[in-house]
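Here the structure comes first, spelled out in structure tokens, and everything after it is commentary.
The values are calculated or read from the model by the stated rules, or taken from the named source; none is laboratory data. Remember, it's a predicted structure, so these values are computed and weren't measured experimentally. Because the Cβ atoms are built from the backbone with ideal geometry, glycine has one as well, and the counts that use them run over all protein chains shown. Remember, those area values only see protein heavy atoms, side chains included, never the ligands or the DNA or RNA. Shrake-Rupley method; radii C 1.70, N 1.55, O 1.52, S 1.80 Å.
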Amino acid sequence: MPEKIIESFNIKRLEVLDEKGDADASLMPPLSDDEIKKMYELLILSRTFDRYALNLQREGRLGTYASILGQEASQIGSAFAVENTDWIFPSFREMGVYLTAGFPPYKLFQYWSGDERGITPPDNLNIFPVCVPVGTQIPHATGAAMAAVYRGDKTAVLAYFGDGGTSKGDFHEGLNIAGVFRLPVIFICQNNQWAISVPRERQTASKTLAQKAMAYGFEGLQVDGNDIFAVYKATRDALKKARQGEGPTLIECFTYRMSDHTTADDATRYRSMEEVEQWKQKDPALRLKLFLEKKGLWTEAYQKKIEEESKTIIEDAVKKEEAIQPPQPKDMFTYTYEKLSQRQSRQIKDF
Amino acid sequence: MPTLNMVQALNLALREEMQRDQDVVLLGEDVGKDGGVFRITEGLHDLFGSRRVLDTPLSESGIAGVSIGMAVYGLKPVAEIQFMGFIYSAMEQLFCHAARIRSRSRGRFTCPIVIRTPYGAGIKAPELHEESAEALFCHMPGVKVVVPSTPYIAKGLLISSIRDPDPVIFLEPARLYRLIKEDVPEGEYTIPLGKARIVQEGNAVTVLAWGSMLQRVLQAAGAADCEIIDLMTLNPFDEETIFKSVKKTGRVVIVHEAPRTCGFGAELSASIAEDAMLYLKAPIIRVTGYDAVMPLAKLEDYYIPDVEKIKRAVNEVLKYY
Ligand SMILES: Cc1ncc(C[n+]2csc(CCOP(=O)(O)OP(=O)(O)O)c2C)c(N)n1
Ligand SMILES: [Mg+2]
């Protein structure tokens, strides 16, 4: 019997906006000038948040913090496509996602300063608290999507994770179940090339992370993760597909972590400055700025204005956060169970 | 009133809760068409359809993780892990998420899941099908651990577990599934979580047990002047009922299948020592499995506490005045 090819696959890579700020008109998603400016403003806001967070940490006013520098297009481009009723399950490096979703920045500072109350989303947002154990949030997104289908809601669900996350068992289990039940969930992998000191090639021998979706029976594609239009388009298309009952999508955002892993890390121990320099050319903000400039939507004055506005928002947030009274020791007990246990009722008397 | 074994009682609880509440869904390996390997979910797939009774891939962490996602969205998933020996890959989901979502989100999200799983010895099954690892889950603040000991109790506890707003690990002693039958009423009744029950009142010795060991305790100490307490919920456990009894009897025997070191008996013993030491007339004795890997069927009976060992322990504490 002759051998036959019974399955084969191709992986697409989507790029819309190049480093010079030119967009491919045939691929450009429908976005008004105002929306594009809004994206740029969110990018500047996120970057400002990030800079302040790093500085506050250095001054001992914030705990360990994971910078998003370099990944803003992946985060804002994807979260910008989401509707208010959709659910988001982030990991720990998604401050751009939180801010785009409308999460108050003062609460994010509150969380990173070591106060759980900060990560409670406002009632109108379905964005889950930060997930620290890598990759374990992925099945939650699958489950929420399953519940949405059960309820007959048109809700879609986004899960965010890194290149390192794709090596975890929960990546497999979460994507596998999502594929079996064709659930409305979009898996956004920010491949920032590093998992602390471990390079992308050490996570998997696969050529791309996107192709892993093939094994689960749904589409995976790679996008230029520093290209906000490509990320937005891929997410928008995937959301549309999800809402039409056509199942999940894995989007690999090919990007780069410009900072140390966290404020507790020193990346010079394991990666070269040349590599970092090369990625500077691909800066997501610079690219969008050039695009806006070419369209006549960017001026020095505009830049100054939005930088000032971002600074004001973030400085106000820091002020607001630092005025919050610390949590009460009794609060440790309050949310373990709906009601205190017998033993907790005795232990809480320590405070 | 129907006379049911524990399998039928659990099945009835699931059926009634699913009829009562549209948000209750079942998921797990083989729980649908097959009705589960122990038939706990038998007939429910036919009754409620594949929308509410989901056959999942073989994926323990996935089952736990997906249940968590469903629960935070607003459903009340009841997941089956086929045997406790396979729950370990779901431990991360249970410890890192189910137990902590209420706390992490300061009450904005809750996780009302039930993870049902058969456990314990006595079914002549392959390796890892017979262990008792209940203590692992008792070290997870935020999770409740419930163990039924009879069909009637099983139904009431399962209904309470499904309605409980917090995650419940519901451990079903496989040995008891078909061992005893008793009257189990149709229609709703609940047995509160976090409360122990006094199965037999007595004045000389307090015997603490749960799940499958309760039957053996009744055989060993049913005729003596023993106060036999069925814990029913191990986490959080009912210390008030226990201390009250110990203060009355002054003698304690604790019985469990699990290995002794760091078994739940250790927690009980330490708690009694802290709170009721001055009432004790005798050392606290634990009758437990050994600190050895649980053997296969041929040696199993040497490992698990039997009626004789329990009797000996009771007689031992009675030597002290
Ligand atoms: C399960 C687990 N193992 C290890 C860690 C410690 N840790 C935190 S982040 C990280 C690397 C994650 O890499 P990746 O998934 O690529 O995300 P990135 O940090 O690049 O955003 C490690 C090893 C963890 N948080 N969780
Ligand atoms: Mg990474």
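Things worth noting here:
- The mean accessible area for residues of the protein assembly as shown, using a 1.4 Å probe and ignoring ligands and nucleic acids, is 41 Å² per residue.
- Excluding ligands, DNA and RNA and using a 1.4 Å probe, chains A and B jointly bury around 4200 Å² of accessible surface, summed across both partners.
- Residue with peak Gaussian network fluctuation, chain A [Cα springs, cutoff 10 Å], from A:MET214, A:MET39, A:MET332: A:MET332
- Exposure of A:ILE188 as accessible area (Å², to 10), given a probe of 1.4 Å and all protein chains: 0 Å²
- The stretch B:4-61 and the stretch A:160-237: distance between their alpha carbon centers, rounded to Å: 33 Å
- For chain A, modelled as a GNM whose springs connect Cα atoms under 10 angstrom apart, the maximal fluctuation among A:GLY135, A:GLY245, A:GLY60 occurs at A:GLY60.
- Expressed as a fraction of 2.2 N^0.38 Å, the C-alpha radius of gyration for the protein assembly as shown is 1.08.
- Across chain A, C-alpha contacts under 8 Å between residues 6 or more apart give a mean separation that, scaled by the residue count, equals a relative contact order of 24 percent.
- Modelled spin-label separation between A:ALA301 and A:ASP34, with each label point placed 7 Å from Cα along the Cα-to-Cβ direction: 2.1 nm.
- Across the accessible surface of the stretch B:3-183, with the other protein chains kept in place and a 1.4 Å probe, carbon and sulfur atoms take up 50 percent.
- Average Cα contact separation per residue, the stretch B:251-305, under 8 Å, 6 or more apart, as relative contact order %: 49 percent
- Over all other residues within a Cβ to Cβ distance under 11 Å of B:CYS226, the charged ones net out to -1, with Lys and Arg as +1 and Asp and Glu as -1.
- Computed from phi, the 3J(HN,Hα) profile of the stretch A:98-107 under the Karplus parametrisation 6.51, -1.76, 1.60 (θ = phi - 60°) reads 4, 5, 5, 5, x, 6, x, x, 5, 6 Hz, with x in place of Gly and Pro.
- Chain A, Cα convex hull volume normalised per residue, Å³: 183 Å³
- Once the Cβ-Cβ distance of B:ILE198 and A:GLN325 is raised to the sixth power relative to R0 = 45 Å, the FRET efficiency obtained is 0.45.
- Mean residue ellipticity at 222 nm, helices only, chain B: -10000 deg cm²/dmol; runs of at least 4 DSSP H residues each add -39,500 (n - 2.57), and the sum is divided by the number of residues.
- Between A:PHE9 and A:LYS240, the FRET efficiency from the beta-carbon distance, with R0 = 22 Å, is close to 0.50.
- Spatially proximal lysines relative to A:LYS154 (Cα-Cα < 24 Å; intrachain offsets below 8 disregarded): A:LYS233, A:LYS240, A:LYS241, B:LYS76
- Relative contact order of the stretch B:3-183, defined on C-alpha pairs under 8 angstrom at six or more residues apart (%): 26 percent
- Extension gain, A:SER206 back to A:GLN347 (0.36 nm per residue minus Cα-Cα distance, nm): 45.6 nm
- For the stretch A:193-246, the gyration tensor built on C-alpha atoms gives an oblate shape. Its axis ratio a/c (a ≥ b ≥ c) is at least 1.5, and a/b is not larger than b/c.
- Fraction of accessible area attributable to carbon and sulfur, chain A (%, probe 1.4 Å): 51 percent
- Just so you know, the averaged projected area of the alpha carbon convex hull for chain B sits at 15.7 nm².
- For A:THR334, the shell of other residues with beta-carbons less than 12 Å away shows a net charge of +2, using +1 for Lys and Arg and -1 for Asp and Glu.
- With 0.36 nm allotted per residue and the present C-alpha distance subtracted, the B:TYR321-B:SER50 stretch has 91.4 nm of extension available.
- Proximal charge balance of B:TYR320 [Cβ under 11 Å; K/R count +1, D/E count -1]: +2
- A Förster distance of 56 Å, applied to the separation of the beta-carbon atoms of B:GLU240 and A:THR268, puts the FRET efficiency at 0.45.
- Kirkwood estimate for the stretch B:197-317, i.e. one over the average of 1/r between Cα atoms, Å: 14.2 Å
- Average projected area [Cα convex hull, the stretch A:5-68], square nanometres: 8.7 nm²
- Crossing angle, helix B:239-249 versus chain B [Cα axis fit, 0-90 degrees, rounded to tens]: 20 degrees
- Amide H contacts for B:ASP55 (H built 1.01 Å from N in the peptide plane; partners 5 or more residues away or on another chain; cut-off under 5 Å): B:GLY32.
- Candidates B:ASN11, B:ASN235, B:ASN203: whichever shows maximal mean-square fluctuation once chain B is modelled as a Gaussian network with Cα springs under 10 Å: B:ASN203
- Given +1 at the Cβ of Lys and Arg, -1 at the Cβ of Asp and Glu and no other charges, the dipole of the stretch B:197-317 around its Cα centre is 280 debye to the nearest 20.
- For chain B, the longest principal axis of the C-alpha atoms and the axis of helix B:6-20 are separated by about 40°.
- Averaged over the residues of peptide B:89-99, the number of Cβ atoms from other protein chains lying within 10 Å of each residue's Cβ is 3.
- Three-way shape call for the stretch A:28-175 based on the alpha-carbon gyration tensor, with the a/c threshold at 1.5: oblate
- For the stretch B:83-239, the extents of the C-alpha atoms along the principal axes are 51, 35, 33 Å, listed from largest to smallest.
- Cα centroids of the stretch A:105-119 and the stretch A:37-70: 13 Å apart.
- Over all directions, the projected convex hull of the C-alpha atoms in the stretch B:29-163 averages 8.4 nm² in area.
- Angle of helix B:264-276 to the longest C-alpha principal axis of chain B, folded into 0 to 90 degrees and rounded to 10: 50°.
- The amide H of B:VAL199, built 1.01 Å from its N in the peptide plane, has B:ILE228, B:ILE229, B:ASP230 as neighbours under 5 Å, considering only residues 5 or more places off or on other chains.
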